[in-house]
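The values are calculated or read from the model by the stated rules, or taken from the named source; none is laboratory data. Here the structure is a predicted model, which is why all the values come from computation and not from measurement. Neighbour counts run over all protein chains shown; Cβ positions are idealised from the backbone, glycine included. In case anyone asks, the SASA skips ligands and DNA or RNA and just uses the protein heavy atoms, side chains included. Shrake-Rupley method; radii C 1.70, N 1.55, O 1.52, S 1.80 Å.
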Amino acid sequence: QVQLVESGGGLVQAGGSLRLSCLVSGSTFSINGMGWYRQGPGNERELVARISLGGTITYADSVKGRFTISGDNAKKTMYLQMNSLKPEDTAVYYCRMLYRGVYWGQGTQVTVSS
């Protein structure tokens, strides 16, 4: 059974940093096809950063230059380094994997105080 488990969320002041992790189990892991999404209060889920199956990295305009997506195949873990956090980054952050289907984690809450 494929499982994605996010961790690393929390409460941080504006300007601070957090690193989210997404651990994959029950499946072969490749950073290609992985991505981070978020859903803020009253908003729809939106793309934060992803790596296509072909290896192309895409960031939402709102996070370019502040967030970095990466992965460690040996640890079967994807990361999202978030710097210079803003209150508008407050959301539940989800990881997603494309591999013979679409899989989502349960989400981790990120709250940025002003």
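Laid out as a table, the results:
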read-out: Under 10 Å, Cβ to Cβ, from Asn83 - net charge with Lys/Arg +1 and Asp/Glu -1; value: +2
read-out: Extended-chain gain in nm, criterion 0.36 nm per residue less alpha-carbon gap, Leu98 and Ala60; value: 11.8 nm
read-out: Furthest towards positive pole of dipole, Gln39, Ile69, Gly26, structure part segment 14-114, Cβ charges; value: Gly26
read-out: Chain lengthening between Gln1 and Asn73 when straightened (0.36 nm per residue, less Cα-Cα); value: 24.1 nm
read-out: Accessible area in square angstrom per residue, the chain, 1.4 angstrom probe; value: 52 Å²
read-out: Order by protection proxy (mean Cβ within 10 Å, highest first), peptides 78-90, 9-21; value: 78-90, 9-21
read-out: Accessible-area composition of segment 1-110, carbon plus sulfur, in percent [1.4 Å probe]; value: 47 percent
read-out: The chain: Rg to Rh, with Rh as the Kirkwood radius over Cα pairs; value: 0.95
read-out: Inter-probe distance in nm under a simple model that places probes 7 Å from Cα toward Cβ, at Gln13 and Ser84; value: 1.9 nm
